[in-house]
1. Measuring with a 1.4 Å probe in the full set of protein chains, what accessible area per residue, in whole Å², belongs to segment 396-535?
2. By DSSP, what percent of the beta bridges with both residues in the chain are antiparallel, rounded to the nearest 5?
3. Roughly how compact is segment 287-329, stated as its Cα Rg over 2.2 N^0.38 Å to two decimals?
4. If all Cα-Cα distances of segment 90-239 are sorted into 5 Å bins from 0 onward, what percent lands in each bin, rounded to whole numbers?
5. If you line up the Cα atoms of segment 130-208 on their principal axes, what length do they span on each, largest first, in Å?
6. With no solvent and one point per C-alpha, what does the Debye sum give as log10 I(q)/I(0) for segment 188-346 at q = 0.10, 0.13, 0.18, 0.21 Å⁻¹?
7. Evaluate 2.2 N^0.38 Å with N set to the residue count of the chain, then give the Cα radius of gyration divided by it.
8. Would you kindly calculate the mean projected area, averaged across all directions, of the convex hull enclosing the Cα atoms of segment 246-312, in square nanometres?
Amino acid sequence: MTEIDHKKVLADRLSARLGRRVFLQGAGAGILAAATAGGFPSLARAQQSGHIKIASVKVIDTLDPHFTGFLSAIQIINNIHNGLLKITYDGSVVRFEPDLAETWDLEDDKTHVFKLREGVKFHDGTPCDAEAVKFSLLRVKEGEPKSPHAWKLALLDEIEIVDPLTVRLKFSQPYAFLPVALTGSTGRAGTIVSPAAVQKYGVDYGRNPVGTGPFKFVSWRENDAIELEANPDYFEPGLPKLQRATFVLMKEASTALAALMAGQIDGMTDCPMQLVNQAAAFPNATLYGEIEGNYTFVGMNCRKAPFDDINLRRAVAWALDRETLVKQAYFGRAQQAYSPISPPMSGFFDPNIATSGRGQWFDLDKAKAFRAKAANQGEIEVTYIMAERGPVGTRIAQTVAPMLQKIGIKANLELIEPAAWIKRRNAGDFDMYDFEWVADLDPDETLYPEFKSDGAWNFCGWKNTGFDDYCAQAQVILGVEERRKLYYAAEDLLMDEAPIAIMAHMPIYKVFSKKVQGFNYIPADLVNLHTVSLS
């Protein structure tokens, strides 16, 4: 197979996967696509001005891209760092394009060659070269402590430095998920960090991040703000346009919206659904949002009683009235989910899934039948941890609890602070919780890291080697049809054994003042500020 054939296979596979979000239309553009046919224009120093203030209303765990599990952190990280690749969106088309890489070639279906931009430096003045790329990739793949994103590079066999600006990545098998993995945003495995800064700060790098991005980290004041300033030597000509950016850490979304309306801040990274109507009615703001690659669910702790009982989990899965949940918890703005694979993944999502017989849906008689098979036939009390977090806060828990009563489960709703909620969830200190996995661009990231046996994000503690095998097989197949069959088989195991009760696919909303010009909305829950200015 020739080089161009490999590019075409991967481009076609991504195009089919994203549907309306087409990947680099026409393989002739190739995976090499750059800003111009002759490469990138010479750097022109930007004249920065303006100070944007944006409310961040979700928990931020760390600004280390190789360790965060939160999109709220990525919204900031993505302005400090770059990846080998980046995600772009023009309103109808999502692309994976070179970022720190100037070109991207495939020598065969397992060998990728990246030629880096010349002259790029980290914010600490050290060079961003092939050695830095190798350092970052190995930090993700095999570093200590172990990165939760290591699975994304499990098939990477060798990193060869061809010359100071060229790296050759050799994989053990073809890798369909690679374009997503190597982005500097949602992928995180391909985000390049300063080796000198990592060596200097160690485990505290997440509080002292040093990248190559359009903005440099200045400070993180706990419970107050994260400050960034423009990188005057950024490699994209004329960017960034702003001089400073402040992410104001605000616990209450209603307070943030009030501050936006009063002109005290310029935007919100996340607007909960209960505030969407109010935000949409405000004439001096623009609301962004659509159903993205995500799913929401109620999770059950499979490691201990009572949800180590598969029949009790199945009873919960069939007892949830999704239509009521969409109306009451999601204000009618979400779409009922039957399985995790979501509508934007049109190469994989089944638009007829509601009548396919696959997945989970509301059937109280079926729920009661499974409840009758459970080991404990008495009333069962469980602890359901909840917090004012996510798009709808505690509304899911409050809507679910009465549904559980119909199958003899009393849910004791425990309201805790978001940071404490995260610690409890991560430690497995719960019976039930609800959550949302968002910004997914491929079924692999929708399923594998969240439910792989002993995976870093498998908070429910479910184990099924058949599921693991199906996902692992799908990673190394480029054909959409073959991958779809494997992911459907994996989903079927997940939905049947029910460590989660699936609920909905939902829109993610952001709000910006009309003074904010040049914001490019990307339907992957990102907040890229390099093109933004203030009028």
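The values are calculated or read from the model by the stated rules, or taken from the named source; none is laboratory data. Please read all numbers here as calculations on a predicted model, not as lab measurements. Reconstructed Cβ throughout: ideal geometry from the backbone, glycine too, with neighbour counts over all protein chains shown. Note: accessible area is taken over every heavy atom of the protein model, side chains too, but ligands, DNA and RNA are not part of it. Shrake-Rupley method; radii C 1.70, N 1.55, O 1.52, S 1.80 Å.
1. Using a 1.4 Å probe on heavy atoms only, each residue of segment 396-535 averages 33 Å².
2. 75
3. Expressed relative to 2.2 N^0.38 Å, the Cα Rg reads 1.56.
4. P(r) over segment 90-239, rounded to whole percents: 2, 9, 16, 22, 21, 15, 10, 4, 1, 0.
5. Principal-axis extents of the Cα atoms in segment 130-208, largest first: 35, 28, 21 Å.
6. -0.66, -1.00, -1.18, -1.27
7. The value comes to 0.96.
8. One quarter of the hull surface, i.e. the mean projection, equals 7.5 nm².
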